[in-house]
Structure formats: C-alpha cells, structure tokens
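Step one of this worksheet: look at the structure below.
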DNA sequence: ATGGCCGCGCGTCGCGGA
C-alpha cells in the first residue's frame, strides 16, 4: 500500500539547523520512509536568505513566509512525490497563502497551500507558528489569544472548502496534563492555561483530530524540551507541536510519532519533528 | 539553588523563546 509521510518541525533558525534538516530528511529516505511534505517554523530569516537551492538539491521545493530575526514559516514538498500535473515549482503549491486573511500582522506565522501528491486526493496543508504568549496576562498573551481567535474563523472557512486538511506546527499549547512533564508545576501557566487550551478544544469541536492521540503512545512523550536545566536528559518537556487532521483523513492515518533522534544531535533545535503517516 | 540555554542583532548585553 502506498503511504505518505507528512511532518512538522520547529527548527529554531533554518540557518543554523539546515544541516540537521538535510540529514534528517536523508535519514528518513534511507529508511525508505521519505518525508513528502514538511512544515517548518521559526526560520528566523527573510525569504531572500532562505536556502532554497540546498533544499532543492535534496529533492524538495519550498515556499516561505519569512521575517528577520523572529518567526518565519515554510512548506517543503518532495518533488518526486508530486502528482504529474503539479510537478513544477509553480504548480507544486496551489492557493498559496501567507498569514491569516483579514488579520493584520507584521509577524510571519502562517503559511498554507494545496498540494497534489501522486495517487491521492489533494491535501490542504496549513503550517503555523502559534504565538508563544510569554506569560499569562501579558501583552504577548493577549496577542496570542487574538491570533488564536482569528485562526478559528480561518479554519472554519478552510474546512468548508477543503475536506482533506492538515493543520501542523508549533501550537505553543500543551492540550492536556498528559502533555506536560510536571502538570502541578505548570498549572495555569503560559502554554498550559485554560484560556489557550480552550482554543485547542474548539478546534477539536470543529472536527479536527489530534492525530498523535489516535495511536498508542509511550507516557511522557513530548516534542519540546528546554535547553536549560538539562531538560532533554531529564525528559522535562511539553508536547506543543501537533498535527491536527480533518475527519476525512482520520481513517487514512496509519501512524503518528515524534522523532527524538535529531534532539540528541550536536547543537539541536529544542523541538523534535512530528510525523504522520497517511495511507493512500 | 527558580538559575543554568540558544539564536539573533551593527552585538560584546538585551530580548525572545517556552
């Protein structure tokens, strides 16, 4: 059976992490499990500085919404996986969109495109770098909630147009206490507070499914670990990177996993990639 | 021990990250 693998990864600077990205993509291909689409977050550079050529040499087309120093998101698609009619750079990403329509924002946090892979129906792929929020009650937290509010309306409209939709990225929300290494310590804090979790649950009420929880997972599985305090070695992490899928994709989902391998490499991103496997 | 780490920028500390 044909399967496709779709991933998300907050790379925390594409300039610094390009070798890791290329190594990881190569490693997946070598296992005969190539990543067909990947959403990247926290590029921390403008589009003119994005390494399009190196990534294309590795077999991927990219589209980018970049910003100096902060934020920035991209979608990569494996050229070989593209359908015959969308094999060119110009047709690989259809209905390409940067930012949430109608939401004025300097910060580059969202990018979306429709992608036609070989032998399967088109996928609407939305990649988001949700605001961090800094601290509950801060200005940045208000911005986070406004952004989440705008995202809800956008998603509602997108779901009406696209039955096969994925929303991937760094949500900066740990939806449940099982997604938190020490829930008692984190109670009510940024990333975990009810105010932001409410939006995650609203997305689920809209029909979106947290694909990671469709499958058995090891307890205390996380996607981010603080650089400080030996977070990774102590497994003091949070699960804040997610792949939500629309109902039409639920029966097609075969697996969802976090790959901690790149987090063990020298000079890693603080986030690990999350991968969903979709049956044809 | 509530800190400790990173990446970035006209930088050699402050900010943002989560």
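For region A:122-167, give me each residue that is outside any strand (DSSP E or B), in contact with a strand residue (DSSP E or B) (Cβ under 7 Å, 6 or more places away or on another chain) and under 14 Å from residue A:248 (Cα atoms). Selection gives A:122, A:158, A:159, A:162, A:164. Scanning region A:163-193 for residues that are over 15 Å from residue A:210 (Cα atoms), in contact with a helix residue (DSSP H, G or I) (Cβ under 9 Å, 6 or more places away or on another chain) and surrounded by 13 or more Cβ atoms within 10 Å (Cβ to Cβ) yields a total of 7. Among the numbered criteria (1) surrounded by 14 or more Cβ atoms within 10 Å (Cβ to Cβ); (2) under 20 Å from residue A:151 (Cβ atoms); (3) more than 15 Å from DNA strand B (Cβ to nearest atom), which single criterion is violated by residue A:41? With (1) surrounded by 14 or more Cβ atoms within 10 Å (Cβ to Cβ); (2) under 20 Å from residue A:151 (Cβ atoms); (3) more than 15 Å from DNA strand B (Cβ to nearest atom) applied to residue A:41, the lone miss is (3).
Taking the criterion of being over 21 Å from residue A:129 (Cα atoms) and surrounded by fewer than 18 Cβ atoms within 10 Å (Cβ to Cβ), the residues of region A:60-91 that qualify are A:79, A:80, A:83, A:84, A:85, A:87, A:88, A:89, A:90, A:91.
For region A:239-258, check the following and say yes or no: at least one residue is farther than 25 Å from residue A:123 by Cβ, away from DNA strand B (no atom under 12 Å from the Cβ) and at pLDDT 95 or above.
Checking region A:239-258: not a single residue is farther than 25 Å from residue A:123 by Cβ, away from DNA strand B (no atom under 12 Å from the Cβ) and at pLDDT 95 or above.
From A:132, A:172, grab the single residue that is under 21 Å from residue A:6 (Cβ atoms) and within 14 Å of DNA strand B (Cβ to nearest atom).
On inspection, the qualifying residue turns out to be A:172.
The values are calculated or read from the model by the stated rules, or taken from the named source; none is laboratory data. If you're wondering where the values come from, they're calculated on a predicted model, not measured in any experiment. Please note: Cβ atoms are built from the backbone with ideal geometry, for glycine as well, and neighbour counts cover all protein chains shown.
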